[in-house]
1. Between PHE178 and ASP100, 0.36 nm times their residue separation minus their Cα-Cα distance comes to what?
2. Test of the criteria: in the stretch 101-193, which GluC sites (Glu not before Pro) are in a DSSP loop and have at most 16 other Cβ atoms within 10 angstrom of their Cβ?
3. Could you give the length gained on full extension between ILE140 and TRP160, defined as 0.36 nm per residue of separation minus the Cα-Cα distance, in nm?
4. When Lys and Arg each count +1 and Asp and Glu each count -1, what net charge do the other residues less than 11 Å away from PHE55, Cβ to Cβ, add up to?
5. Provide, for q = 0.13, 0.17, 0.18, 0.20 Å⁻¹, the log10 of I(q)/I(0) from a solvent-free Debye sum over equal Cα point scatterers in the chain.
6. Sort 85-93, 71-79, 143-151 by packing, meaning the average of other beta carbons within 10 Å per residue, with the highest value first.
7. Students often get this wrong, so check it: of LYS94/LYS174; LYS94/LYS146; LYS104/LYS127; LYS94/LYS148; LYS47/LYS174, which have C-alpha atoms separated by over 25 Å?
8. From zero up to wherever the largest Cα-Cα distance of the stretch 126-180 sits, split into 10 Å bins and tell me the percent of pairs in each.
Amino acid sequence: MSCFVYKGTNIDTDTLCKVDSYMKTAYLLSGEPGSGKTTIIKEVLSKVNKSAGGFYTEEIRNQGVRQGFQIVTLDGRSAVLAHISVRSPHRVSKYGVDIDSMDKVAVLALKQAIQSKDIIVIDEIGKMELFSPSFKDAVIEALDSKKKVLGTIMLASHPWADKIKERPEVEVTKVTRFNHDEVINQVLYWLGT
């Protein structure tokens with residue numbers, strides 16, 4: 001967590017950090033691929049008694065080999081986000097990115113969550129998703145809604161993602177394989193549970 005204490009104050013630093021992050025409306029997890037960001041979001045959502053909408057991204061595997069990624073909404077819809085067989089001018093590594101699926105499934109799920117849910121889930125703000133101008137607009141709309149936004153954001157530097165990380169209402173926490181319990185507790189505290 002990031003927070004600061006002015007010199008000469010008698011305020012407990014841990015308490016101030018908790019208050020600082022509690023006041024933020026967006027909590028974004030960052031970390032290396034496979035560090036458990038999506039797992040943390042799913043576990044947190046299973047422990048809260050609040051409505052949530054949005055999406056997460058999961059791998060598409062065939063015989064143990066990653067073939068691409070799919071978008072899965074919290075209400076059960078899914079679509080291919082990127083795949084080795086998708087022909088697209090938008091590519092990340094060997095994967096062609098399907099912007100149309102992104103817009104029809106993920107962006108729609110975000111807009112519905114902004115309108116009717118307590119928590120907006122955005123997993124992930126990453127290279128593939130950022131090819132979609134509609135997705136970027138939906139992220140800004142979610143952050144401006146003042147609702148709780150729980151999501152993941154790319155660890156690597158990216159001009160647009162870096163601006164999101166710097167917004168005053170956003171708390172960014174790095175996830176490692178060793179801090180899952182701590183991060184889960186921080187997010188649950190932030191959600192007021």
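Values quoted throughout were computed directly from the atomic coordinates according to the rules given, and no laboratory measurement underlies them. None of these values were measured; they are calculated from a predicted model. Cβ placement follows ideal geometry from the backbone for every residue including glycine, while neighbour counts extend to all protein chains displayed.
1. 24.4 nm
2. Of the GluC sites (Glu not before Pro), the ones in loops of the stretch 101-193 whose Cβ has at most 16 other Cβ atoms within 10 Å are GLU169.
3. Going from the current span to full extension adds 6.1 nm.
4. That sum, taken over residues with Cβ under 11 Å, equals -4.
5. -0.67, -1.13, -1.26, -1.52
6. 143-151, 71-79, 85-93
7. Correct reply: LYS94/LYS174; LYS94/LYS146; LYS94/LYS148.
8. Binned Cα distances yield the sequence 20, 56, 22, 2.
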